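Q: Before I ask anything, here is the structure I am working with.
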Number of protein chains: 2
Amino acid sequence: MKNADPKPVSARIFDDAERQALYDIIEARRDVRNEFLPDDIEPDALMRILRAAHNAPSVGFMQPWNFIVIDDPAQKQKVHAAFADANAEAEQMFSKDRQETYRSLKLEGIKKSPLNIIVTCDRARGGKVVWGRTHDAAMDVYSTVCAVQNLWLAARAEGIGIGWVSIFEKDRVKAIFNIPAHVELVAYLCVGYVEELFDKPELSARGWRHRIDINDLIMKNGWTDTANNA
Amino acid sequence: MKNADPKPVSARIFDDAERQALYDIIEARRDVRNEFLPDDIEPDALMRILRAAHNAPSVGFMQPWNFIVIDDPAQKQKVHAAFADANAEAEQMFSKDRQETYRSLKLEGIKKSPLNIIVTCDRARGGKVVWGRTHDAAMDVYSTVCAVQNLWLAARAEGIGIGWVSIFEKDRVKAIFNIPAHVELVAYLCVGYVEELFDKPELSARGWRHRIDINDLIMKNGWTDTANNA
C-alpha cells in the first residue's frame, strides 16, 4: 500500500445537549407541500445543506450523487406539468371514498418553493467494480438516499422545509434536465424557508394513516408476524 | 373527512448550537468495521436510536420498516459465513494490484459487534395503492433507507458505531431470519460502542478513493458534464 497505515483516533463524545438537538431535529422534520415562503435561500445555508448531503455514507466511498439546483421558472413549470399528468392518474387508483381527501390536498410545492433540488445517482461513477457493491447493485442508490436524509435534517435545522415529490414519470423529468441514461433521478425536492409546519406528519394529522407503535416493529433474532405484517 | 381540518403551527427554530451539533454529528459519522467494543448496548439507548429511525419520512406515511435485533451468536455465525463466501467472490473481481489492499482490510464487524440490526421494508404494508408511491414503486425502500440514516446519526450521537454490511447474497441472509418474500432486506447493520474512529472515511484515509470537491457536484437548472461524470 502506498499510504502509511492509518490508525483510528479518539472519537469525539457528544454531550446530552448535542444528542437532544439531533433528536429534536429528527422529530421536527416534516415533508412540506404548502408552507413554503417565497424568500430566497441564503447561498451559505444552501452550501451547508449540500455539504451535509455530501458527508453522507457511500458504498466504497463512491459519492455517486450530484445536485441540480433549480430556480428557472420555465424548468419548474415543465416539472409541474409532469406532476399534474401523473397525479390525475394517481387519483383514479384510490377508492371512491379516499379520492375526495386525495384531491383536497396540495401534494407538491414545485412552483411555490423558491428552489427545487434534484439529487441524482451516477451509477457509473466508481468504475466497473465498487467496493461493497459487488453483491447488491442498489447500494449506490441507497447511499444517495442517505445523502437526501442528511440534507433534509440539515435543512430543518436551518429553518428550511423540504418536500419530496415522487408523483411523475421519471423519464419525462430526466428529459427536462438532460439527465443521462446511466444517471438515476433519486429525489426531486422542493426547498424553501418555513415559519409554520404541522406538529405531526400531515397524513397523520388528517387521519389518513396513524403512527405505528414502535414496539410492534421490533423483532428478536428472526422474523415474527405481527398485526402490521399482513 | 372525519378529522377537523388541521392547521400548521409555529415551527420550532433551532439555534446556532443545535445546528452545529447536527453538522458535527453528520461529519463525525463513520462506517465502522473494526473499532467495536464488546460492551452491551444500553436498552434505553437502543430504543432511542430505533425511535430516531421510526421518525424518518415515509411515502404515504407508510412506515414500511421493521427492525430485527440480533444477539444470537448462532445467527451471527450464519451471516458471517454468507459474508465470507460472497467476499471471496468479490475479491476476485478487483484488479490484481487492488486485491492485496482489499484482502488486507476487515470489511465487517458481524461477530465483533455485540448487536446486529436488520432493517427491512415491508412492500405490502400500505395496501395496494400508497399515496405518493403510484409512479415510483421504490419510494418505500427509499423511506427505509432514510430510517437507516436517522438511526446511524442517532447512534453516532450516543457513542455507538454502525457498520453497514452489503457483501452477501440477500436471499441467503433472508432465509436465515425467515424474512418473507414480500419483505425486502434493506440494511444489515453491525452495532456497538466505539471509543476510536478514523478521522475521515477509512477508504479515504487508506488512499482507495478521495473526497470529491463539492463544487464539482453542483449543477444549475440542468445536467452538465464534469470530470466526475464519465
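We did not get these values from a lab; they are worked out from the coordinates using the rules stated. Quick caveat, the model's predicted, so the values are computed rather than measured. Cβ atoms come from the backbone with ideal geometry, glycine included; neighbour counts cover every protein chain shown.
Q: Let me know the shape class of chain B, please: from the alpha-carbon gyration tensor, a ≥ b ≥ c as square roots of the eigenvalues, rounded when a/c is under 1.5, otherwise prolate if a/b is greater than b/c, or oblate.
A: Working: a/c = 1.40, a/b = 1.22, b/c = 1.14.
Taking the square roots of the gyration eigenvalues as a ≥ b ≥ c, chain B is rounded.
Q: Right, another one. Where does chain B land at 222 nm, in deg cm²/dmol rounded to the nearest 500, when only DSSP H runs of n ≥ 4 count, each adding -39500 (n - 2.57), divided by all residues? Walk me through the numbers before you get to the answer.
A: Values: 7 runs with 85 residues, N = 230.
Dividing the helical sum by the residues of chain B leaves -11500 deg cm²/dmol.
Q: While we're on this one: Which part of segment A:93-122 falls in the paramagnetic zone of A:Glu195, meaning amide N under 18 Å from the point 7 Å along Cα-to-beta-carbon?
A: Label zone hits: A:112-114.
Q: Okay, next question. Hey, rough spin-label estimate for B:Leu37 and A:Asp40, points 7 angstrom out along Cα→Cβ, what's it come to in nanometres?
A: Rounded to a tenth, the inter-label distance reads 4.9 nm.
Q: Oh, and also: Applying 1/(1 + (r/R0)^6) with R0 = 30 Å to the Cβ-Cβ distance of B:Val9 and A:Asp72, what FRET efficiency is obtained, to the nearest 0.05?
A: Once the sixth-power term is evaluated, E becomes 0.35.
Q: Kindly list the residues of segment A:10-46 that lie in the label zone of B:Ala17, defined by a backbone N under 19 Å from the point 7 Å along the Cα-to-C-beta vector.
A: Correct set: A:13-26.
Q: Where in chain B are the DSSP H helices whose C-alpha atoms run 20 Å or more along the long axis and whose mean Kyte hydropathy is at least 0.5? Write down the numbers at each step before the final one.
A: Working: long enough: B:73-93 (30 Å, -0.74); B:139-157 (27 Å, 0.69).
Passing helices, by number: B:139-157.
Q: So for each of B:139-149, B:169-179, A:48-58 I average, over its residues, the number of other beta carbons within 10 Å; can you give me the resulting order with the highest mean first?
A: Numbers: B:139-149: 25.1, B:169-179: 16.6, A:48-58: 22.3.
Per-residue mean Cβ counts within 10 Å order the peptides as B:139-149, A:48-58, B:169-179.
Q: If you don't mind, another one. What are the distances, in nm and sorted shortest first, from the label point of A:Asp5 to the label points of the same position in each other copy, with each label point placed 7 Å from Cα along the Cα-to-Cβ direction?
A: Distances between equivalent label points, in nm: 6.9.
Q: State, to one decimal in nm, how far the label point of A:Asp97 lies from the label point of B:Arg51, with both points 7 Å from Cα in the Cβ direction.
A: For the pair A:Asp97/B:Arg51, the computed spacing is 3.4 nm.
Q: Once you average over the residues of A:134-145, how many Cβ atoms of partner chains fall within 10 Å of each Cβ? Provide the component values of the computation, followed by the final result.
A: Working: counts 10, 12, 9, 0, 7, 4, 0, 4, 10, 3, 2, 10.
Mean partner-chain Cβ count within 10 Å for A:134-145: 6.
Q: Further question: Calculate, for A:Val129 and B:Lys106, the FRET efficiency according to 1/(1 + (r/R0)^6) with r their C-beta to C-beta distance and R0 25 Å; round to the nearest 0.05. Please report the intermediate quantities before stating the final value.
A: Values: r = 19 Å, r/R0 = 0.78.
Calculated transfer efficiency: 0.80.
Q: What is the percent of Cα-Cα separations in the protein assembly as shown that go past 32 Å?
A: The share of Cα pairs beyond 32 Å in the protein assembly as shown comes to 36 percent.
Q: When the distances between all Cα atoms of segment A:42-157 are binned every 10 Å from zero, what whole-number percent does each bin get?
A: 12, 30, 30, 23, 5, 0
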